[in-house]
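The values are calculated or read from the model by the stated rules, or taken from the named source; none is laboratory data. For clarity, every value in this text was computed on a predicted model and none was experimentally measured. Methodologically, a virtual Cβ is constructed for each residue, glycine included, from the backbone with ideal geometry; neighbour enumeration extends over all protein chains shown. Accessible surface is based on the protein model in full, side chains and every heavy atom, while ligands, DNA and RNA are left aside. Shrake-Rupley method; radii C 1.70, N 1.55, O 1.52, S 1.80 Å.
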Amino acid sequence: MNLDPQWIVGFVDGEGCFFVGINRQPTMRVGFQVLPEFVVVQHVRDVQLLHALKAKFGCGSVVQNHGDRWAYRARGQANLMNKILPFFEKHKLKSRKRQEFESFRRVILMIEDKKHLTLEGLEEIRTIVGQMRPLVDKVYH
């Protein structure tokens with residue numbers, strides 16, 4: 001299945017999520033791990049779309065999410081930096097999801113610069129993530 005870039009933009013505007021988790025991890029220098037991921041969830045009947053996204057981006061995995069829901073998940077700094085970010089920088093999202101992406105992008109670039117390994121950088125990332133959450137909450141609640 002060949003997916004047109006503008007179709008992907010519209011699909012992700014409606015169904016995608018740019019998420020950044022911050023988890024306690026005592027073995028990390030600052031005690032926390034920053035875990036960004038790009039996720040699209042669909043009913044099992046449309047799982048072929050998730051596999052097509054995986055093929056298009058050349059990274060990620062398609063996994064059962066919950067019950068009859070499946071998810072395409074792209075993680076890992078190299079995948080996000082070299083595949084996901086360039087696509088959405090070139091093909092701009094049209095909805096409020098673009099703000100979420102821009103915040104996600106800032107975090108990815110901070111990780112690339114190793115800023116997440118400092119307390120100051122981690123606090124800046126927490127602030128960015130805190131600003132992302134209201135965008136998601138307003139859409140889903």
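Residues of the range 53-95 that are on the phi < 0 side of the Ramachandran plot, in a loop (DSSP other than H, G, I, E, B) and touching a helix residue (DSSP H, G or I) at 6+ places or on another chain (Cβ under 6 Å): Cys59, Asp68, His91, Leu93, Lys94, Ser95. A count restricted to the range 40-56 and to residues that are over 13 Å from the mean Cα position of the chain (by Cα) and within 18 Å of Phe19 (Cα to Cα) stands at 4.
Kindly establish whether Ala78 is within 11 Å of the chain's Cα centre (by Cα) and more than 22 Å from Thr127 (Cα to Cα). Here the answer is no, as Ala78 does not meet what is asked. Can you spot a residue in the range 19-39 that is outside any strand (DSSP E or B), at pLDDT below 95 and of a type in the set (Gly, Ala, Ser)? For the range 19-39, residues outside any strand (DSSP E or B), at pLDDT below 95 and of a type in the set (Gly, Ala, Ser): present.
Of the set (1) farther than 30 Å from Glu124 by Cβ; (2) touching a residue at least 12 places away in the same chain (Cβ under 8 Å); (3) among the aromatic types (Phe, Trp, Tyr), all apply to Trp7 but (2). Within the range 71-89, being touching a residue at least 24 places away in the same chain (Cβ under 8 Å) and open to solvent by 10 Å² or more (accessible area, probe 1.4 Å) holds for Arg73, Arg75, Gln77, Met81, Lys83, Phe87. Of note, Phe101 does not satisfy the criterion of being over 14 Å from the mean Cα position of the chain (by Cα) and among the aromatic types (Phe, Trp, Tyr). Scanning the range 14-52 for residues that are in contact (Cβ under 8 Å) with a residue 24 or more places away in the chain, closer than 23 Å to Leu109 by Cα and open to solvent by less than 30 Å² (accessible area, probe 1.4 Å) gives Gly16, Phe18, Val20, Val30, Val34, Pro36, Glu37, Phe38, Val39, Val40.
Here Gly60 clears all of (1) modelled with pLDDT of 95 or more; (2) more than 17 Å from Ile128 (Cβ to Cβ); (3) surrounded by fewer than 19 Cβ atoms within 10 Å (Cβ to Cβ) except the condition numbered (3).
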